[in-house]
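Here is the structure we will look at, set down as structure tokens.
The values are calculated or read from the model by the stated rules, or taken from the named source; none is laboratory data. Just so it is clear, the model here is predicted, and its values are computed rather than measured. Cβ atoms come from the backbone with ideal geometry, glycine included; neighbour counts cover every protein chain shown. All accessible areas refer to the heavy atoms of the entire protein, side chains included, with ligands and DNA or RNA removed. Shrake-Rupley method; radii C 1.70, N 1.55, O 1.52, S 1.80 Å.
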Amino acid sequence: MLSIVRSELTKVLTLPSVWVITGVILALNVFFQYQTLGFNIDTVANVRPDGMSEVDGRAVHAETELRQTLGVSVFNPGLLFPILGAVLAGTEFRAGQLGLSLVAVPHRLRLVLGKLSAMTAYALVLGLVCIAMANAFMYIAVRNWNPGMLWSTDMLAAEAALLLFTVTFTLIGAGITLITRRTLTGIIATVILIMLTMAQVVAMVSPAVDAFLPLSAARNLLLQGRDAGAPLTGSAGHGAAVLAGWALVTSVVATLAVKRRDAR
């Protein structure tokens, strides 16, 4: 199994399209970190002895506000992770690549599990890089105030939630693509799921149903306790469970689809 995962990672790392989307995600991450740097510096500059700071005319707990800002700055470029997953999975359906893969690994279940494991590893490493970049920018703001907050328990918990988001979003895009056998179809499907939340189409009818959409679940997980633009529709725990459920279901259905269909 390790050799399958290793070969799939090698395949991923030699695809120009994967490097392009990875570069875009990292570039956007740097952009959002730069955009929030001034806000973070101002927040630290206004910290009172009790740990509170004035932000937009309201008193907030400075460390909590900075931690949430870091989460948002990684969350925004993270919306491209489903597209990354679609690109990673879609390579198998170019010029009969799936058939060639099955020649090397005839056991389809092992092949799909190897691919999903490789995608998980890639998304996990990329998520860690994005978080490391965010921490580097955050350190610039807090280095003369409280640099220890960067490895506090609350910060580590927030970063763990971000990693759950990046991995599950990638697997959702990959799973949909493996099911539909088209990279473009996988991208369109994930964009539609995202737009349903951004346009608040489902939330206006039933917030309870909206909470089961992937982007709504991500917002519920990562944006608790701050202005999320639109009302949240569930708790952080519910959001984590929904994201994990979407990743699991799409991966299982994708595995069944690959096992049942022709190798082309």
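Extension gain for the segment Val125 to Phe39, taken as residue separation times 0.36 nm less the Cα-Cα distance, is 28.2 nm to one decimal. Protein heavy-atom accessible surface, 1.4 Å probe, per residue over region 171-264: 48 Å². Modelled spin-label separation between Arg58 and Arg182, with each label point placed 7 Å from Cα along the Cα-to-Cβ direction: 4.4 nm.
Per-residue ellipticity at 222 nm, computed for the chain from helices alone with -39500 (n - 2.57) per DSSP H run of at least four residues, works out to -24500 deg cm²/dmol. Kindly report, to the nearest 10 Å², the accessible surface of Thr22 as traced by a 1.4 Å probe over protein heavy atoms only. My reading of the accessible area for Thr22 is about 10 Å². Hey, what angle do you get for helix 16-45 against the long axis of the chain, alpha-carbon based, 0 to 90 degrees rounded to 10? The helix 16-45 is inclined about 10 degrees to the chain. Sorting the Cα pairs of the chain by distance into bins of 10 Å, from 0 upward, gives 7, 29, 31, 21, 9, 3, 0 percent per bin. Across the chain, Cα pairs under 8 Å and at least six residues apart give a relative contact order of 24 percent.
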